[in-house]
Amino acid sequence: MIAVAHADLIVADVPRALGFWVDLLGGAVADDAIVDGEVPAFYTGGRATRMRLVMIRLARFGAMIELMAFEPPQPTTAGGVHVTLQVDDLAGTRARLAAAGIEVVGDVMTVALPRLGAARIAFVRDPDGYLVELVEPA
């Protein structure tokens, strides 16, 4: 493996998702396209034949977030999936998101790994219910 390219999230409302990933978290739209045919059919087991695909770049280099919205709409599968974002100021980021009406989940926690070291983490939910982990290295 060379690198993680992107994480895919099925969203119910693209403008609402862009409000979170771009407006609140500072991402930039790297691409925005309508895709027809076999790709949306593959993702949905044949239930949708059209999708809007928006690639969000959160940093100059590295992995991106891929937002997918299907026609007809498909349920989001937010249950066991989460995206992790490294932040410089965990408390400030968490407070800014909470002030914008984003659901904060749980308390700030500390995790210590033997090789990667310690970090403070907290979770929020994006507008589609996906957990977003915010991590600040110690």
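The relative contact order of the chain, computed from alpha carbon pairs under 8 Å that lie at least 6 residues apart in sequence, is 23 percent. Helix 90-99 and the longest principal axis of the Cα set of the chain meet at an angle near 50°. Computed over the Cα atoms of the chain, the ratio of the radius of gyration to the Kirkwood radius (Rg/Rh) comes to 1.00. Can you give me the Cα centroid spacing of the range 116-131 and the range 35-89 in angstrom? First find each Cα centre; the distance between them is then 18 Å. Calculated [222 nm] ellipticity per residue, helices only, for the chain: -4000 deg cm²/dmol; basis is -39500 (n - 2.57) per DSSP H run with n ≥ 4, divided by all residues, nearest 500.
Measuring nothing but how far apart in sequence close Cα pairs (under 8 Å, 6+ apart) lie, relative to its length, the range 82-137 scores a relative contact order of 43 percent. Under a Gaussian network description of the chain, with springs only between Cα atoms under 10 Å, the residue in V124, V11, V108 that fluctuates furthest is V108.
Where a number appears in this text, it was derived from the coordinates with a stated rule and is not lab data. Note that the coordinates shown come from a computational prediction; the quantities given were computed from them, not determined experimentally.
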